[in-house]
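The values are calculated or read from the model by the stated rules, or taken from the named source; none is laboratory data. Being a predicted model, the structure only gives us computed values, none of them experimental. Glycine gets a Cβ as well: all are built from the backbone with ideal geometry, and neighbour counts include every protein chain shown. The protein model used for the area step is the full one, side chains on, heavy atoms only, and it has no ligands, DNA or RNA in it. Shrake-Rupley method; radii C 1.70, N 1.55, O 1.52, S 1.80 Å.
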Amino acid sequence: MAVVTPWEVSGEINYQRLVREFGTKEIGPALLEKISSFSKNKLHPMLRRNFFFSHRDLDLVLNDYQSGKGFFLYTGRGPSGKMHIGHLIPFIFTKWLQEQFDVNLYIQITDDEKFLVKRQANWNDVEAYSKDNILDILAIGFDPEKTFVFRDSEYIRHMYPLVLDTAKRTTFSTAKAVFGFKNETNIGWIFYPSVQVVPTFFEKKRCLIPCAIDQDNYWRIQRDIAEPMGFKKASAIHSKFLPPLTGPQGKMSASDADTAVWLTDDEKTVKKKINKYAFSGGQATVEEHRDKGGNPDVDVSFQWLKILFEDDDKKLQKIENDYRSGKLLTGELKSILIEKINSFLSVHAKKREKAEKKTEKFMYSGKLAEKMWAK
Ligand code: TRP
């Protein structure tokens, strides 16, 4: 049985079923066409390839953009540890959206959430991970004047009245139904969802949230209370999960280092990991592979190229065809991926270094940041 909640993702996920169960909508060709008509560049591969696959009211966001009302972006990260490449996906995609639409972006660092939810977490670790993760996030390259990055524990004073209003409008039975809280759940955790809802109220405009589908529970709560509070219902655009190295089930786990490629992994480690662990859709022997071909649909190396590392549709198509036909061997496919990951990571490391100096601007002194602290 597949489980998809903000704190647990496991099993074989049927995304169409999630759309039905969560009551979201699939992103179809008409909506893609509409996004495309407003965006400066060609559609992002994560949209073209249906990795961002589901939404709530994205059409309304585009209408507001078209009519000049505008909208804003909101996403976040729980600093539960160091980051792996899967963690960057919403940020890479959000950057693309900010570039296309030139809008404000709020990035919430939920140090409170991770402290409350992770049994072993102590505050010092959470603080260290927050600082570390912020550098990885800023390395993605947002607009410093239009982006505000904040840690809940620091910014809470400015959010508190709205957090209280949100909490007051959310009953325990609703929270239990939406999140599965139990009597054993600590009361901080039960309160926390009101903190994650509030950034959707940072502007009176419509809020668009790029996130993985497991975060949708929060927006259901938001959408019940937003209008009575004088705000708009939040819109969301949901992604699937990057499959873990070890196979197409679930998502990468922070507790198992071998299921993921970490942003700090060196070239040798990446090579070893991919060769050893990347689940293969290939055949057991070279002869068999040449004869029957491989299956890119379950092959993790191919999926990673498709989702993150090969933007060029023609090149990706050729890899897919050659793999299916047996012309391309698993080892060869893995080498393509290893090279892509390593060049990505070396560029990322440089950008991350430069991000140290930029933190101040994104968090405290940029145009949007200053406005938010003055509120
Ligand atoms: N709860 C998210 C996490 O654990 C962090 C987060 C906060 C978030 N606000 C968000 C994610 C908005 C997506 C969109 O990582």
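Of note:
- Here the extension length gained between E370 and R17 equals 122.8 nm, from 0.36 nm per residue of separation less the Cα-Cα distance.
- Helix-only CD estimate at 222 nm, as mean residue ellipticity for the chain, using -39500 (n - 2.57) per DSSP H run (n ≥ 4): -15000 deg cm²/dmol
- For the chain, a crude dipole built from +1 on the beta carbon of Lys and Arg and -1 on the beta carbon of Asp and Glu, taken about the Cα centre, is about 640 debye to the nearest 20.
- Under a Gaussian network description of the chain, with springs only between Cα atoms under 10 Å, the residue in V270, V197, V286 that fluctuates furthest is V286.
- The lysine pair count for region 1-111, using Cα distances under 26 Å and pairs eight or more places apart or on different chains, is 14.
- Rh by Kirkwood over Cα pairs, then Stokes-Einstein D for the chain at 1.306 mPa s and 10 °C, µm²/s: 73 µm²/s
- Carbon plus sulfur fraction of accessible area for the chain, probe 1.4 Å, in percent: 51 percent
- Only one residue of L31, A349, L333 has its Cα farthest out toward the positive end of the dipole of the chain, where Lys and Arg carry +1 and Asp and Glu -1 on Cβ, and that residue is L31.
- Region 80-123: trypsin sites (Lys or Arg not before Pro) falling in loop per DSSP and having at most 11 other Cβ within 10 Å: R119
- A 1.4 Å probe run over the chain, with the rest of the protein chains in place, finds 46 Å² accessible per residue.
- Label positions at M229 and D312, each projected 7 Å from the Cα along the C-beta direction, are separated by 4.7 nm.
- Pairs of lysine residues in region 131-252 that meet both criteria, 8 or more places apart or on different chains and Cα atoms under 19 Å apart, total 10.
- Given charges at Cβ of Lys, Arg, Asp, Glu: the chain dipole, positive-most of L62, I190, A121: L62
- For G76, residues with placed amide H under 5 Å, excluding near neighbours: Q108
- A straight line joining the Cα centroids of region 296-375 and region 139-175 runs 28 Å.
- Normalising the average separation of contacting C-alpha pairs (under 8 angstrom, six or more residues apart) by the number of residues puts the relative contact order of the chain at 20 percent.
- Mean separation of Cα contacts under 8 Å (6+ apart) over length of region 5-111, as relative contact order %: 26 percent
- Cα-centre dipole for region 168-291 with unit charges at Cβ (Lys and Arg positive, Asp and Glu negative), debye to 20: 740 debye
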